[in-house]
Amino acid sequence: MSYNTFGHLFRVTTWGESHGPAIGCVIDGCPPRVPLDVADIQPWLDRRRPGQSKFTTQRQEADQVEILSGVFEGRTTGTPISLVIRNTDQRSRDYGDIATRYRPGHADVAYDMKYGIRDYRGGGRSSARETAMRVAAGAVARKVLGDMVSIRGALVQVGPHAVDRARMDWEIVNDNPLFCPDATILPVWEEYLSDIRKKGSSIGAVIEVVAQGIPPGLGAPIYGKLDSDLAMALMSINAVKGVEIGEGFASACLTGEENADPMRMENGQIRFASNHAGGVLGGISTGQPVVARFAVKPTSSILTPVPSVTREGENVDVMTKGRHDPCVGIRAVPVGEAMMACVLADHLLRHRGQVGNQDPVVL
C-alpha cells in the first residue's frame, strides 16, 4: 500500500496494523546532534494512550516506544530514526462477526473496492491505532523545533456543547481526561458522554491546536503553503471531516474590515491587533500564533444496528462489538498537536534550506 509517508525534508513513514504484532514509524531528515531518548517521546504517547478513562476505548496498551536506529549516545545521528511500539492487547475475536460485513461509516467497503482485500481486525491499517506513531514522530519534531516553540491542543466542542472562549484556560487542559480548557463546561461534557456511552452510541468533536513562537517566513507561495500543508496533515487523521485555519469558516460571515488584522509598529516590530488569519498570510507564517481547528466525526463503531451489506451482496444489519471510543475526538488532541509539530519542523528545515539561518527581515 502506497502513500504511507508525509513531509518533504522531515519525512515520516508509518507502518503496521491495529491487530498486528507491532506498529512503527521511520523518520528521515532529522538533523544530527539533536538530543533524543525515549523519555522525550513517551510522555506524549502517554497522553494519547487508550484506556485512561471511561470516555475512551478500554483497550489496554502501554504504548511503550522503542528506538531502533538513528540515535547514538543520546543524540540523533542524521540517519533514519526507527521507532516501534508492540501491540499487547489485541482481541481480534471481537471482529469475527464482521469479517465479511462492511461497517457503515468505516473504510471497510472503500478498502475492499480498491485493494480487493482488507484486514477486518479493528480496521487494520485504517485504524486510529496508527496515530500513536504520528504522536511519536511529533515528539521528535518538537525537539527539532526547540524550546522556543510551544504547541498545545484542546477539545473545544463535544457534540452541540462548545466551550465558552471567554473562560478558556490552557493551564487546566492536562488536568482532566477530556483535554477541556473550560472548567464550567467539563461537567456538562462528562454527563453528556456518559449518556452517549451507555446508549452504545458515539458523538463528534472539534479540536483546536495552537503553535506559538513560530518565526515568520515559514511556508512558500502557491504549492508550498504552510496552511495548506497543515490542512492536509490534519485532514489525514482518522475520522477528521473538516479543517479550518484561523477564523476559518466563520470568516465567511465577516466584512473585510472585521476580518483584517490591523498592523502597527511598536518598538521597531510589526504588531498585529488581531489574528483572524491564524498566523498565516499568503501561505507564509507571520510570527503570530498558528491556529488550526479540525472536526472529528462520531466513532463509526457503535452498538446500534445499522443497515449494511456483506461482501457477497447480502443486505444485513451491522452492530460493531469490541472496545471503542464514544468520542474519538478526545484522543485526537495529542494527534493534532503531533501533526502540527511535524508540519512545522518540515517547514522550518525547508525554510533554512532556501534562505539559510538568517534572521527574518523586519520592516
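Miscellaneous remarks
- Extension gain from Glu191 to Asn267, taking 0.36 nm per residue of separation minus the Cα-Cα distance: 22.4 nm
- Accessible carbon and sulfur surface of the stretch 91-202 relative to its total accessible area, %, 1.4 Å: 49 percent
- Extension gain from Ala183 to Asp97, taking 0.36 nm per residue of separation minus the Cα-Cα distance: 26.8 nm
- A 1.4 Å probe run over the chain, with the rest of the protein chains in place, finds 48 Å² accessible per residue.
- Result for the chain in a Gaussian network model with C-alpha springs under 10 Å: among Arg197, Arg48, Arg167, the largest mean-square fluctuation is at Arg167.
- Accessible-area order (highest first, 1.4 angstrom probe) of the listed residues Trp189, Trp15, Trp44: Trp15, Trp44, Trp189
- Under 18 Å between alpha carbons - lysine pairs in the chain that sit 8 or more apart or on different chains: 7
- Only Cα sites of the stretch 161-241 enter the Debye sum here, all with the same form factor; the resulting log10 I(q)/I(0) across q = 0.14, 0.17 1/Å is -0.69, -0.89, listed in q order.
- Cα gyration tensor, the stretch 238-361 - rounded (a/c under 1.5), prolate or oblate: prolate
- Relative contact order of the chain, pairs being alpha-carbon contacts under 8 Å that are 6 or more residues apart, as %: 22 percent
- Shape category assigned to the stretch 216-280 from the gyration tensor of Cα positions, a/c cut at 1.5: oblate
- Spherically averaged projected area in nm², based on the convex hull that wraps the Cα atoms of the chain: 19.6 nm²
- Ordering 303-309, 65-71, 129-135 by mean Cβ neighbour count within 10 Å, with the highest value first, yields 129-135, 65-71, 303-309.
- Diffusion coefficient, µm² s⁻¹, Stokes-Einstein with Kirkwood Rh over alpha-carbon pairs of the stretch 169-303 at 37 °C and 0.692 mPa s: 191 µm²/s
- Of the GluC sites (Glu not before Pro) in the stretch 252-342, those whose Cβ has at most 12 other Cβ within 10 Å and which sit in DSSP loop: Glu312, Glu314
- Placing dummy labels 7 Å off each Cα toward the beta-carbon, the span from Glu171 to Lys198 is 3.5 nm.
- Once the chain from Ala62 to Asn357 is taken as fully extended at 0.36 nm per residue, the excess over their C-alpha distance is 102.2 nm.
- Only helical runs count toward this figure. For the chain, summing -39,500 (n - 2.57) over DSSP H runs of n ≥ 4 and dividing by all residues gives -7500 deg cm²/dmol at 222 nm.
- The chain: DSSP helices with Cα axial extent of at least 20 Å and average Kyte-Doolittle hydropathy no lower than -0.5: 131-145, 332-355
- For the peptides 235-241, 168-174, the ranking by mean Cβ contacts within 10 Å, running from highest to lowest, is 235-241, 168-174.
The values are calculated or read from the model by the stated rules, or taken from the named source; none is laboratory data. Here the structure is a predicted model, which is why all the values come from computation and not from measurement. All Cβ positions, glycine included, derive from the backbone under ideal geometry; neighbour counts span all protein chains shown. Ligands, DNA and RNA are excluded from the accessible area calculation, which covers all protein heavy atoms including side chains. Shrake-Rupley method; radii C 1.70, N 1.55, O 1.52, S 1.80 Å.
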